[in-house]
Amino acid sequence: MKLAILFLAVNTVAAPFDWPPITRETKPWAYNWWLGSAVDKDNLTKELARYRDAGLGGVHIIPIYGAKGAESRYIEYLSPQWMEMLRHAVTEANRLGLGVDMTTGTGWCFGGPNVAELDAGVTTKDGVTMTPGRKVKRAAPGGEGWMLNPFYADAMQRYLQRFTDAFAKYDGPKPRTMYHDSYEYNCNWSPNLPAEFENRRGYKLPVAELFRTKDNAQLKSDYRETISDMMIEQAWPLWNK
C-alpha cells in the first residue's frame, strides 16, 4: 500500500500589498519655522505634543527672520542659548516619539557671517571682474551674511567649521539629520575653477570665449559638467564627514 503524505507550507512572507509598519518615518513631517529663533522650552514642548497628537512623525527646524515686536526674544543662531533650545527640542521630540531634522543654515541659501567674499557665491561676466553674488535671504538673527559658493570645496569646509565648533561644545541629543531644503544659489565662478576645468576636460578654460559668446555649445557643456563634478565630488561630500 502506498502512503500519500501532504505537506502544508506556511507562508510567513508578508503579502506585497500589505500595509507597511507605521513608524515616525512613514508619517508626515512638517517644517518648524523658528521665527527669529524666538523659541522657549514651554512652548516647544506644547507645540511638539500638538504635532504628535495630530499624527505627525517629526519636524524640520528652520531658523528664519523674526516677527516684528519680538526682537527682545530673538536668539542668536548657534549661540549657547540656541543650542540649549535645540537640546530641549530634540529631547522632548524623542520623548514624544517624534523625529527632528534641521537645516545647516538659515534662510536661503546657505551662508552667513563666517562666509568671506572669497568664499561667497561669486559671479563674473568676463572671468576677471568678480563680485559676490548676493546675501542670504530671510536670514535668522546670527545667520546674516554672504551666500556660500556651493561648488568650491574650500569655501564649504570653512562654512561647516561653524557647525563643528557649535556641536563640539554640545552634549545633548542630536537631530536625526541635517539637510539642505532649498537650492537657489547665484554663482558661476570659483578660484580653483580654471585648474579643475583643465584637469577634468583636458584643455585650458578659454575664459574670454566662455563669457563673451553664446554659440560654443561644447564649451558651455564642459563648463557646466566641471562645476557639477566639483560639487558632487568635492564640496557636498564634506557634509557627510
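The values are calculated or read from the model by the stated rules, or taken from the named source; none is laboratory data. Keep in mind that this is a model prediction, so the values were computed, not measured. Ideal geometry is used to build each Cβ from the backbone, glycine not excepted, and the neighbour counts take in all protein chains shown.
See the values below:
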| read-out | value |
| --- | --- |
| Options Asp126, Asp181, Asp154: the member that is touching a helix residue (DSSP H, G or I) at 6+ places or on another chain (Cβ under 9 Å), part of a loop (DSSP other than H, G, I, E, B) and either farther than 25 Å from Tyr223 by Cβ or of a type outside the set (A, V, I, L, M, F, W, C) (or both) | Asp126 |
| Residue ID - surrounded by the most Cβ atoms within 10 Å (Cβ to Cβ), chosen from residues in segment 68-83 that are part of a helix (DSSP H, G or I) and either among the β-branched types (Val, Ile, Thr) or touching a residue at least 24 places away in the same chain (Cβ under 8 Å) (or both) | Trp82 |
| Single residue of segment 129-141 satisfying the filter (outside any strand (DSSP E or B) and either in contact with a strand residue (DSSP E or B) (Cβ under 6 Å, 6 or more places away or on another chain) or surrounded by 17 or more Cβ atoms within 10 Å (Cβ to Cβ) (or both)) that is modelled with the lowest pLDDT | Gly133 |
| Filter pass, Glu144 being of a type outside the set (A, V, I, L, M) and not in a loop (DSSP other than H, G, I, E, B) | no |
| Selection count where residues are of a type in the set (D, E, K, R), under 25 Å from Ala155 (Cβ atoms) and over 28 Å from the mean Cα position of the chain (by Cα), scope segment 193-219 | 3 |
| Flag for Thr177 being in contact (Cβ under 8 Å) with a residue 24 or more places away in the chain and surrounded by 15 or more Cβ atoms within 10 Å (Cβ to Cβ) | no |
| Some residue of segment 118-126 being free of Cβ contacts under 8 Å to residues at least 60 places away in the same chain and surrounded by fewer than 16 Cβ atoms within 10 Å (Cβ to Cβ) | no |
| Search result, residues across segment 170-192 that are of a type in the set (D, E, K, R) and under 21 Å from the mean Cα position of the chain (by Cα) | Lys174, Arg176, Asp181, Glu184 |
| Failed item in (1) part of a helix (DSSP H, G or I); (2) out of contact with any strand residue (DSSP E or B) (no Cβ under 9 Å at 6 or more places or on another chain), with Tyr159 passing the rest | (2) |
| Per-region count, segment 184-241, residues aromatic (Phe, Trp, Tyr) and in contact with an Asp or Glu (Cβ under 9 Å, 6 or more places away or on another chain) | 3 |
| Residues (basic (Lys, Arg) and not in a helix (DSSP H, G or I)) located in segment 184-202 | none |
| Scan of segment 94-117 for residues that are in contact (Cβ under 8 Å) with a residue 12 or more places away in the chain and not in a loop (DSSP other than H, G, I, E, B), ordered by number | Asn94, Leu96, Gly99, Val100, Asp101, Met102, Thr103, Trp108, Gly111, Gly112, Glu117 |
| Filtered residue count, segment 162-221, keeping only those that are over 30 Å from Gly99 (Cβ atoms) and of a type in the set (D, E, K, R) | 10 |
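Residue-by-condition table, conditions (1) without any contact (Cβ under 8 Å) to a residue 40 or more places away in the chain; (2) surrounded by 13 or more Cβ atoms within 10 Å (Cβ to Cβ); (3) over 30 Å from Thr177 (Cα atoms):
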| residue | (1), (2), (3) |
| --- | --- |
| Arg201 | yes, yes, yes |
| Ala208 | no, no, yes |
| Asp222 | yes, yes, yes |
| Ala235 | no, yes, no |
